[in-house]
Amino acid sequence: MKRIGILVGLSAVAAGISVAPGMGATQQPAQRAGDYIVVLKDSAAKGAAVDPTSVVDGMNGVTVDSVYRSTVRGFSAKLTPEAVHALRIDPKVAYVERDGTVRTPVQEADHRGPKGVAGQQLPNGVKRVGATQNKALKVGDGVDQRVDVDVAVLDTGVDKSHPDLNVVRSVNCSGVQKCVDNSGADGDGHGSNVAGVIGGLDNKTGYLGVAPGARLWSLKILNDKGSGNSSELIAGLDWVTAHADKIEVANISAGYDDSSNAVKQAVDRAVAKGVVVVVSAGNERKDVKDAKYHTPADVPDAITVSALSDADGKPGGKGEYGWCNKKNRNKDDSLWIDHVNGGGSDFGRGVDIAAPGDCIQSTFKNGEYSNYSGTSQAAPHVAGAAAWLASGGNDPKNRADVMAIRATILKAGNSGWTDNSNDGVKEPLLDLHDPKVFKGTFSK
């Protein structure tokens, strides 16, 4: 039987989230209740004044948690079996599905202190995708020019005080009934690493990102142990979608290893509002292999990213990994495999593009720096590319605009890597080297 959960890796243990009493509902004995997501039919959810929880008014066995209005129209709740049955036969309800579990995606990790980086260094991943070769982007010149774009990072939170990150807003959607503004510190470090891959500053110190200085919106959907629920991912997406007039790109380095209609629908609604959604393919190569078994990796409108092993920041397959991890036996310029913990990059026809994801140097919590491996690190490289295309006056307004950015990224990719997955399809490798395609638009 498949386990139901959102995976950002293989190492952490799933944890439950306590649920506070809900509105107008009677709490039943805990042993009889389970966590669910309830989604209303569109015909029953039109209009901002409609309260999605009205379908449970007067119903026993319900404790409402988060309420969704911008993506799916519905709510998460603790429900008894009787309440589940009543809602599933309610003509206003589209479906009721089990809530899932979320875990952080750490594979290989090396956490370095503030003094672990001398001056500014160009990460191999940023070099491998051609960002430093594109003179229009000015990546790596040491001048702190910030890309004029807003990117949401749905993760463990982002270190808002990190000197190498431009975090403009922090929101906590983990373990709360309603997302809380000015909250959600990164107690794990994973989210800060992902954020640095996207937008680490070009400021002569630390590691820079693909789109240096991009305005980062931290959406904490995982707790400080790197775990949570799929309902919290939806809550984060709901918040992002409500702010789609300001946010152009969202990165989700997470994957649900079963099918979740609610997560899929939330991603689709975000895209429809003009948010480019980039997701990791998953790190369970050993167990699952094909990204089609992960949500949101299986959402067609999202950009799903597999991980490349690149040791030296350039093509040719001659790099070595001794500088990073002596146990790393990957062949340079091939699909990433985690020889230390087992697993590796998922693949399959649901994957859209590959990007560097092995020994990725970036920021960390508490002003520090880190070195992670996984598809969680590959995805933010692509989010950085989307950020360039969505910068300035090019911000997407609808699904068509998002699909145009997606198509541009895929078309610009190259085939200069070895696909050792044997899945019958070779996804393009992210490539930003062409100034005719990727142009710089900086904040004033």
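Number of residues in segment 170-201 that are within 22 Å of ASP65 (Cβ to Cβ), of a type in the set (S, T, N, Q) and either modelled with pLDDT of 95 or more or buried (at least 24 other Cβ atoms within 10 Å of the Cβ) (or both) equals 5.
Hey, can you tell me all the residues within segment 379-430 that are under 14 Å from ALA307 (Cα atoms) and among the acidic types (Asp, Glu)? If the condition is that a residue be under 14 Å from ALA307 (Cα atoms) and among the acidic types (Asp, Glu), then ASP419, GLU427 are the ones that fit.
Looking only at residues of segment 267-291 that are at pLDDT 95 or above, open to solvent by 10 Å² or more (accessible area, probe 1.4 Å) and not small (Gly, Ala, Ser), we find that the one that is farthest from VAL240 (Cα to Cα) is ASP268. Within the set LYS397, LYS426, the sole residue that is out of contact with any Pro (no Cβ under 8 Å at 6 or more places or on another chain), surrounded by fewer than 16 Cβ atoms within 10 Å (Cβ to Cβ), among the basic types (Lys, Arg) and closer than 19 Å to LYS331 by Cβ turns out to be LYS426.
Summed over segment 157-169, the residues that are open to solvent by less than 10 Å² (accessible area, probe 1.4 Å) and within 17 Å of the chain's Cα centre (by Cα) give a count of 2. Answer yes or no: is there a residue in segment 210-225 that is open to solvent by less than 10 Å² (accessible area, probe 1.4 Å) and in contact with a His (Cβ under 9 Å, 6 or more places away or on another chain). Yes, there is a match, as at least one residue in segment 210-225 is open to solvent by less than 10 Å² (accessible area, probe 1.4 Å) and in contact with a His (Cβ under 9 Å, 6 or more places away or on another chain). Candidates are the residues of segment 242-266 that are surrounded by 24 or more Cβ atoms within 10 Å (Cβ to Cβ) and polar (S, T, N, Q); the one that is modelled with the highest pLDDT is ASN251.
Matching residues to (1) closer than 30 Å to ASN398 by Cβ; (2) in contact (Cβ under 8 Å) with a residue 24 or more places away in the chain; (3) open to solvent by less than 20 Å² (accessible area, probe 1.4 Å):
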site: ALA302; (1), (2), (3): yes, yes, yes
site: LEU335; (1), (2), (3): no, yes, yes
site: HIS339; (1), (2), (3): no, no, no
site: ASP352; (1), (2), (3): yes, yes, no
site: ASN366; (1), (2), (3): no, yes, no
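Assess whether ALA262 counts as being in contact (Cβ under 8 Å) with a residue 40 or more places away in the chain, in a helix (DSSP H, G or I), more than 14 Å from the chain's Cα centre (by Cα) and under 19 Å from GLU97 (Cβ atoms). Yes. Out of curiosity, is GLY413 in contact with a Ser or Thr (Cβ under 9 Å, 6 or more places away or on another chain) and within 24 Å of GLY196 (Cα to Cα)? So GLY413 does not fit the description; no. If you go through segment 292-305 and keep only what is modelled with pLDDT of 95 or more and within 17 Å of GLY344 (Cα to Cα), you end up with THR304, VAL305.
All conditions in (1) crowded, with 23+ Cβ neighbours inside 10 Å; (2) part of a loop (DSSP other than H, G, I, E, B); (3) of a type outside the set (Phe, Trp, Tyr) hold for LYS318, with the sole exception of (1). The number of residues in segment 54-90 being of a type outside the set (Asp, Glu), open to solvent by 10 Å² or more (accessible area, probe 1.4 Å) and free of Cβ contacts under 8 Å to residues at least 40 places away in the same chain comes to 10.
The values are calculated or read from the model by the stated rules, or taken from the named source; none is laboratory data. As the structure is a prediction and not an experimental result, all values here were calculated from the model. As a convention, Cβ positions derive from the backbone with ideal geometry for all residues, glycine included, and neighbour counts pool all protein chains shown. Side chains included, ligands, DNA and RNA excluded: accessible areas come from the protein's heavy atoms. Shrake-Rupley method; radii C 1.70, N 1.55, O 1.52, S 1.80 Å.
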